[in-house]
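Take a look at the structure below.
None of the figures in this text is laboratory data; all of them are computed from the coordinates on show. None of these values were measured; they are calculated from a predicted model. Methodologically, a virtual Cβ is constructed for each residue, glycine included, from the backbone with ideal geometry; neighbour enumeration extends over all protein chains shown.
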Amino acid sequence: MEFLVTLGKTITGNYYINVAVVTWFLAQLLKTVLTYVVQGKIVWERMVGAGGMPSSHSALVCSLTVAIARGMGFASPEFAIAFVVAGVVMYDAMGVRRAAGEQAKVLNKLVFGFRASIEESESTEDDETLEKLPDKSLKEFLGHTPLEVLGGALLGILVAMVMPAR
């Protein structure tokens, strides 16, 4: 707890940015730790990557929204803007970005299944097609489940409530 207070006062001198940055970092750290617990290995991409539990996007916007409410009040225009942006970000994380991740899973299965079937065939006619297929799979961790968004939102609220306002 004392660590958060000290960190919050020293990062930039701006309470609102500090709350958001600290929350984002904690969300990414938690995501990395949870991935380690589940997979048994450290996946460093989780420190900067999208997707997973908790949603760092949701954590960041919720912490900023709560910080603005604490510092400027619920009636302030800044709170209204932060609240609306938080809603859009969380909706997007569960909707568009999650759908894009699901589509990436399907496309990866199709492309690499097709690639495997071409590689098994001995036809030289398929060599041209094989060269046109991508070697790299699409990124599948893009969006979040409602539970991951909720986890991020709760983390953001908690951090913003723990870090002292100004």
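Packing here is the average count of other Cβ atoms within 10 Å per residue, and on that basis the peptides 32-41, 14-23, 67-76, highest first, run 14-23, 67-76, 32-41.
The packing ranking, built from the mean of other Cβ atoms within 10 Å per residue, places the peptides 148-159, 44-55 in the order 148-159, 44-55, highest first.
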